[in-house]
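Have a look at the structure below, then the notes.
The values are calculated or read from the model by the stated rules, or taken from the named source; none is laboratory data. Just so you know, these numbers come straight off a predicted model, no measurement behind them. Every residue, glycine among them, receives a Cβ derived from its backbone with ideal geometry; neighbour counts consider all protein chains shown. Side chains are part of the model used for accessible areas, which takes the heavy atoms of the whole protein and leaves out ligands, DNA and RNA. Shrake-Rupley method; radii C 1.70, N 1.55, O 1.52, S 1.80 Å.
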Amino acid sequence: MKNIRNFCIIAHIDHGKSTLADRLLDATSSVTDREKQDQLLDNMDLERERGITIKSHAIQMYHEKNGEKYTINLIDTPGHVDFSYEVSRSIAACEGALLIVDAAQGIEAQTVTNYLLALDNDLTIIPIINKIDLPNADIENVTNQIVELTGCKEEEILLASAKSGEGIQGIIDTIIDKIPPPEPPKNDAFKALIFDSIYDKYRGVVAYIRVYEGSISRGSKIKFFSHNTYYDIDEVGHFVIDRKKSDSLKAGE
């Protein structure tokens, strides 16, 4: 568990979250050239057409640093104000968050709202100024805004361009260095949080979960505390671009 990092990306709409997620996938060699496309995690037609993330999208990446292999679990969250509930569930499933601010637009309303949600959940915040390659980028002013909002030091703010890939390696290293691993489980009984779900007409309900304690595997029986109902688990796995089967999901995953 010490080599697991769970984080989400939060920002105002159109500040470059999905593009940054694309660059993280590129940098960790999580996608092949054949699979590459813009807004890779936005798999709904409407999301691509409008350039707006509607669903929370989870993906697992791997990165090696100082001879150790790390599992990096990313949740790309919606930026629109109408999807605050989805963002809050994703934040609850993580230990850290990348706070993305557009170098030209600065801090906007949803940036503040999502930051406060992350703060309430005791997440480690990594502030990032994105789109620094824009001709109208005002890095000094945006830096001052982030310092005023978060109380961080200027040198803690990372500069990046998701479009060109500048600063992406530094972001990955900071995720590994600053975001804490999941806390060790207190007991072996299975306990998890559902932060999103989809319906697959061939497989049934696919729940996106964060496991806190114990483990789950095919054939397990689980209880939903929200409506006191039991269900059988048909399959478990990870999101690695597409769904990938695994034997079990354990605490921290």
Output the helices (runs of 4 or more DSSP H) that fall wholly within segment 1-110 and possess 1 or more residues being modelled with pLDDT of 85 or more, or say none. 17-27, 84-92
Just checking, does segment 131-144 include any residue being over 19 Å from Ser90 (Cβ atoms), of a type in the set (Gly, Ala, Ser) and in contact with a strand residue (DSSP E or B) (Cβ under 6 Å, 6 or more places away or on another chain)? no
Kindly indicate the residue of segment 84-111 that is without any contact (Cβ under 8 Å) to a residue 40 or more places away in the chain and under 24 Å from Arg5 (Cα atoms) and also surrounded by the most Cβ atoms within 10 Å (Cβ to Cβ) among those meeting that condition. Ser88
Kindly evaluate Ile179 against the criterion of being of a type in the set (A, V, I, L, M), open to solvent by 50 Å² or more (accessible area, probe 1.4 Å) and closer than 30 Å to Phe225 by Cα. no
Answer yes or no as to whether Leu149 is of a type in the set (A, V, I, L, M), open to solvent by 40 Å² or more (accessible area, probe 1.4 Å) and over 20 Å from the mean Cα position of the chain (by Cα). yes
Note on segment 183-197: residues surrounded by fewer than 11 Cβ atoms within 10 Å (Cβ to Cβ) and either over 12 Å from Gly252 (Cα atoms) or in contact with a strand residue (DSSP E or B) (Cβ under 8 Å, 6 or more places away or on another chain) (or both) are Lys186, Asn187, Asp188, Ala189
For segment 218-227, what are the residues that are open to solvent by less than 40 Å² (accessible area, probe 1.4 Å) and in a strand (DSSP E or B)? Ile222
Open to solvent by 50 Å² or more (accessible area, probe 1.4 Å) and within 23 Å of Ala251 (Cα to Cα) - does that describe any residue in segment 156-163? no
Every listed condition ((1) touching a residue at least 60 places away in the same chain (Cβ under 8 Å); (2) more than 12 Å from Ile10 (Cβ to Cβ)) holds for Cys152 save (1)
Go through segment 135-146 and give me each residue that's open to solvent by 60 Å² or more (accessible area, probe 1.4 Å) and either in a loop (DSSP other than H, G, I, E, B) or in contact (Cβ under 8 Å) with a residue 40 or more places away in the chain (or both). Pro135, Asn136, Asp138
If you take the residues of segment 121-134 that are touching a Ser or Thr at 6+ places or on another chain (Cβ under 9 Å) and outside any strand (DSSP E or B), which of them is least open to solvent (accessible area, probe 1.4 Å)? Ile132
So which residues in segment 161-191 are of a type in the set (A, V, I, L, M, F, W, C) and under 17 Å from the mean Cα position of the chain (by Cα)? Ala162, Ile168, Ile171, Ile172, Ile175, Ile176, Ile179
Quick one: how many residues across segment 230-253 are aromatic (Phe, Trp, Tyr) and exposed (fewer than 15 other Cβ atoms within 10 Å of the Cβ)? 2
So, in segment 198-217, of the ones that are surrounded by 11 or more Cβ atoms within 10 Å (Cβ to Cβ) and among the aromatic types (Phe, Trp, Tyr), which residue ends up farthest from Ile59 (Cα to Cα)? Tyr212
Just to be sure I understand the filter: pairs with C-beta atoms under 8 Å, separated by 6 or more residues or on different chains, first member in segment 175-186 and part of a loop (DSSP other than H, G, I, E, B), second member β-branched (Val, Ile, Thr) and open to solvent by less than 50 Å² (accessible area, probe 1.4 Å). Which pairs pass? Ile179/Thr124; Ile179/Ile126; Pro180/Thr124; Pro181/Ile4; Pro182/Ile4
